[in-house]
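J.: Quick one: this structure, given as structure tokens, is what I'll be asking you about.
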Amino acid sequence: MLNAQCSLSIYHLPDNLLLSIVSTPIGNLGDITLRAIETLKNCDAVVCEDTRVTGNLLKLLEIPKKELISFHGYTDPSKVDFLIRRLEAGEHLALVSDAGTPCISDPGYVLVSRVSSLAPHVPINVIPGASAFLAALSGSGLPINEFVYIGFPPMKKGRQTLFRSFPEEERTIVLYESVHRIEKTLCEIAEALAGQPERRVVIARELTKMHEEFVRTTVAGLPDTAKTLTKKGEFVVVIGAV
Ligand code: SAM
């Protein structure tokens, strides 16, 4: 028992016939949880996006060599059937992504969706942890009682339709963007929200890492911010509620 007063305790699910969804850090190794380490140690194999990234994480955590099964956005659907067969044979598989919480804007969703519909007797065990959009929201200082998570804005089809819907969206909006498109995306958001110049915007960069920063601006200031922002690392954009 960890702390009876807070009704917190550590308990263990049986260690077979199990799909564990394991969150990993988004930049700071210290954010790995005790349960994540224990699960990665005890599972039969780790299903991951990039075996080099996960191999490196396991090395840093001093977890002895483990079977790594690659599973990414372009994985052949027959791989899902193969993984389901292994689960049904009694194995414990741990699903991780390159960083953060699996299935949040990454391909783990396909596996969890198929296991829950095709093999509902396989328990799904979730081990929560870091996620970039939650860290960005909590540090943004913007109203977050309600928010809309967009993930990555589409690159082509649907992109302008999405941005044109922002003025009508009164809740806080949170989205992911890569270093290659951050300037373009911020400029397009500024254009779409030109009628709400005072609306607040926070750009969270390199969360939990050495160069973490929160750049706080408004829609009116966004074109300048887009130019001067350090174009390095990873970004989350938060647009405040109206
Ligand atoms: N599954 C991850 C999660 O739980 O946040 C998200 C994976 S998604 C493929 C990667 C995107 O998340 C990046 O392009 C960036 O927008 C955001 N991201 C991930 N780590 C971040 C960090 N340390 N700081 C800021 N944004 C980050």
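J.: Sequence-distant or interchain residues sharing an amide H contact under 5 Å with T218, placed H: which?
T.: HN-HN under 5 Å from T218: V201.
J.: Across the chain, how many lysine pairs, 8 or more apart or on two chains, come within less than 18 Å at their alpha-carbon atoms?
T.: Pairs that pass both the separation and distance tests number 10.
J.: Please list, ordered by chain and number, the residues whose modelled amide H lies under 5 Å from the amide H of G100; skip anything fewer than 5 residues away on the same chain.
T.: Placed amide hydrogens put T24, I26 under 5 Å from G100.
J.: Over its Cα atoms, what ratio of radius of gyration to 2.2 N^0.38 Å does the chain give? Please list the in-between numbers first.
T.: On the way: Rg = 20.0 Å, N = 242, 2.2 N^0.38 = 17.7 Å.
It is 1.13.
J.: To the nearest 500 deg cm²/dmol, what mean residue ellipticity at 222 nm is calculated for the chain from DSSP H runs of n ≥ 4 alone, each contributing -39,500 (n - 2.57), summed and divided by the residues? Let's see the in-between values first.
T.: On the way: 8 runs with 75 residues, N = 242.
It lands at -9000 deg cm²/dmol.
J.: Once the Cβ-Cβ distance between K209 and R85 is put in as r, and R0 is 25 Å, what FRET efficiency do you end up with, to the nearest 0.05? Present the calculation step by step, with values, prior to reporting the outcome.
T.: Values: r = 39 Å, r/R0 = 1.55.
Between K209 and R85 the formula returns 0.05.
J.: What Rg and what Dmax come out for segment 132-239 when only alpha-carbon atoms are used, in angstroms?
T.: Over segment 132-239's Cα set, Rg and Dmax evaluate to 12.6, 36 Å.
J.: Let me know the longest stretch in the chain that avoids all trypsin sites (Lys or Arg not before Pro) found in a DSSP loop with at most 11 other C-beta atoms within 10 Å. All intermediate terms of the calculation are to be shown ahead of the outcome.
T.: Working: sites that count: K65, K156, K157, K232.
That would be 66-155.
J.: Within 10 Å, at most 10 other Cβ atoms, and a DSSP state outside H, G, I, E, B define an exposed site. Report the longest part of the chain free of exposed chymotrypsin sites (Phe, Trp or Tyr not before Pro). Don't skip to the answer; put the middle values down first.
T.: Values: sites that count: Y11, Y74.
The reported range is 75-242.
J.: Near the amide H of N125, under 5 Å away, which other amide H atoms are found, from residues 5 or more places off or on another chain, if H is placed in the peptide plane?
T.: HN-HN under 5 Å from N125: L19, S20, I21.
J.: Would you kindly work out the equivalent ellipsoid of segment 18-127 from its C-alpha gyration tensor and give its semi-axes, the square roots of five times the eigenvalues, largest first in whole Å? Spell out each step's value before the answer.
T.: Details: eigenvalues 89, 42, 33 Å².
Output for segment 18-127: semi-axes of 21, 14, 13 Å.
Taken together, the values in this text are just the output of simple stated rules run on the coordinates, not laboratory data. Note that the coordinates shown come from a computational prediction; the quantities given were computed from them, not determined experimentally. Cβ coordinates were reconstructed from backbone atoms using ideal geometry, including for glycine residues, and neighbour counts include every protein chain displayed.
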